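Let me begin by presenting the structure, written as structure tokens, before commenting on it.
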Amino acid sequence: MRNIRNMLLIVKFNFEDLSIFTLLFFLVHWTLMVLFGIRVIMRRRPVGVSLSWLSIMFLLPYIGILLYLLIGEVRLGERRALKTSHILKPFTDWLRSLKPRVPAEIDTLPPVARLLVQQAYSTTGFPALTGNQTELLRDAEESFHSLIRDINESKNCCNLQFYIFQPGGMVDELTKALIGAAARGAECRLLVDSIGSSAFLKSGEPLRLRGLGIKVVEALHANFFHALLWRQDVRNHRKIVTIDERIAYTGSMNMADPLYFKTNMGVGHWVDALVRIEGPAVESLEGVFLGDWQIEAGTRPSVSEYGLQTEIQNCGKHVIQTIPSGPDQNHNIIHDMMLSAIYAATKELVITTPYFVPGEEMLTALCTAGRRGVNVILILPKENDSKLVFYASRSNYDDLLDAGVKIAEFNGGLLHTKSVLVDGEFCLFGSVNLDQRSFWINFEVTLLIFDQQFATKIATLQESYLQKSTFIDLAVWRKRPFRHRLLDNTVRLLGPLL
């Protein structure tokens, strides 16, 4: 009898303990929910993003809040802020000197183009520069041959910045050219992203290159302990090459040979394009590179390091405006520029992007353009290396197709080129995808190019993509199995966080 009584007391004690534990669990959870909920609300981000985070924190007690601490806010850390402050004055002084030294002839541009130039200048400080000559490199083979040729002919400096640097194939040939340039006395600098180029950085290759005179620096160093201090998926996604302060390259191509890069993903070869530039815009791109380099290398630049050329030589007639964007600047820069470009279209809007996860504002702008009679064409890869992006992207097809937007799925590999062509007259070209990551999280660089000849070349390139694409029919699309539609629309809920 005594044993039974003792057992009942133990059971009662456990139930009481459990109720106390449950009470504490929910009390702490709701306290954290209120505190972090207020924080999310006061950050004043897009409504979809805020509601997604509030839902995650509510549905996943503690785990949701931990996720928010890790990736919910764009924190770069006090150390980086200190490094940025060291370069801010010389960088700002150089930037202010650009416009007086190279006055752009923007009065000859269409009224809409002039408005875009002013918008970009007021938000970034980078002016539109005239006197440029451009060459569109339509694929990786053309790009590698051009890069290697220019590096082989370099005399003073070679600056390379890439999200991904992966040895193999043509990359090895380019590396040999870079080693040769360093041996001739040229200053060679290579800046690569910590996560995008993690395999390269963990190998012995950086040490070998440093021993051969090439400076290699890691951008946004990432590890487990840093995750507590700043957001680890904030990446430097820029692709910039400058040579001898007279030639520059930028675009979508990483430093990876498509024949060797992610060949086991089942998406085919990556399809990219670069633009080669001579003229004043070279200095603006090199200024972006130097800003990143000085922050990551931890050195203090002088004003003269940014004022690369006291007198900039004109090489052509193209007007180019460099638009750098990133979480250390006004977060809306590239997002708002894309919106303005879409609303500026009156006849035709053709967009290529590998990752298409538009927010509500972008989706509304595209649908509005389609409904007002603009010939809107989205060229997206049929297969994608990111399954979440793949499904989230497809969840928008119904709305777009219903609004008259044409969607073409590219069958010739993973289309990685990022381009926006407006009315066949001017374009946005660079590293920016039409997704939330590029708009709000990554460091990116885009060129706003005003030139009819270059626009025609972009149109020809986009047409070559269309020849390898299949347009989606709305009636057929709506007949997809229910499980496919459910999966797309479920993943769509994560769209604001992708």
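The values are calculated or read from the model by the stated rules, or taken from the named source; none is laboratory data. Here the structure is a predicted model, which means the values were calculated and not measured. Cβ: placed from backbone, ideal geometry, glycine included. Neighbour counts: every protein chain shown.
So for region 364-379 (the condition being in contact with a Phe, Trp or Tyr (Cβ under 9 Å, 6 or more places away or on another chain) and at pLDDT below 95), does at least one residue qualify? The answer is no; no qualifying residue exists.
State yes or no: is Y163 touching a His at 6+ places or on another chain (Cβ under 9 Å) and either at pLDDT 95 or above or among the small types (G, A, S) (or both)? Yes; evaluated as a whole, the condition is true for this residue. Kindly indicate whether E245 is in contact (Cβ under 8 Å) with a residue 24 or more places away in the chain, more than 26 Å from P327 (Cα to Cα) and of a type in the set (D, E, K, R). It is true that E245 is in contact (Cβ under 8 Å) with a residue 24 or more places away in the chain, more than 26 Å from P327 (Cα to Cα) and of a type in the set (D, E, K, R).
Quickly run through region 339-362 and pick out the residues that are of a type in the set (A, V, I, L, M) and under 13 Å from the mean Cα position of the chain (by Cα). It would help to see each step written out before you state the result.
To start, the set of residues in region 339-362 that are of a type in the set (A, V, I, L, M) comprises 339, 341-342, 344-345, 349-351, 357, 362.
Once the filter is applied, which keeps residues that are of a type in the set (A, V, I, L, M) and under 13 Å from the mean Cα position of the chain (by Cα), region 339-362 yields only V357.
For region 225-335, the strands (runs of 3 or more DSSP E) that sit wholly inside it and include 1 or more residues that are touching a helix residue (DSSP H, G or I) at 6+ places or on another chain (Cβ under 9 Å), surrounded by 21 or more Cβ atoms within 10 Å (Cβ to Cβ) and modelled with pLDDT under 95 are 318-325. V491 fulfils the conditions (1) under 24 Å from the mean Cα position of the chain (by Cα); (2) part of a loop (DSSP other than H, G, I, E, B) except for a single criterion, (2).
Looking only at region 466-481, residues that are closer than 19 Å to V271 by Cβ and outside any loop (DSSP other than H, G, I, E, B) come to 4 in all. For region 233-275, the set of residues classified as over 16 Å from the mean Cα position of the chain (by Cα) and among the aliphatic types (A, V, I, L, M) consists of V241, I243, I247, A248, A256, L259, M265, V267, V271, V275, listed by residue number. Condition check for E444 on (1) surrounded by fewer than 15 Cβ atoms within 10 Å (Cβ to Cβ); (2) under 23 Å from F261 (Cα atoms); (3) not aromatic (F, W, Y): one failure, at (1). Counting only residues that are modelled with pLDDT under 85 and touching a Leu at 6+ places or on another chain (Cβ under 8 Å), region 99-121 holds 2 of them. Every listed requirement among (1) surrounded by 21 or more Cβ atoms within 10 Å (Cβ to Cβ); (2) part of a helix (DSSP H, G or I); (3) modelled with pLDDT of 95 or more is met by E463 save one, (1).
Is it the case, given these coordinates, that L129 is surrounded by 21 or more Cβ atoms within 10 Å (Cβ to Cβ), within 30 Å of G413 (Cα to Cα) and in contact (Cβ under 8 Å) with a residue 40 or more places away in the chain? No: the conditions fail for L129.
Out of the residues in region 349-376 that are among the hydrophobic types (A, V, I, L, M, F, W, C), in contact with a Ser or Thr (Cβ under 9 Å, 6 or more places away or on another chain) and within 21 Å of F390 (Cβ to Cβ), state the one that is surrounded by the most Cβ atoms within 10 Å (Cβ to Cβ). Among those that are among the hydrophobic types (A, V, I, L, M, F, W, C), in contact with a Ser or Thr (Cβ under 9 Å, 6 or more places away or on another chain) and within 21 Å of F390 (Cβ to Cβ), it is V357.
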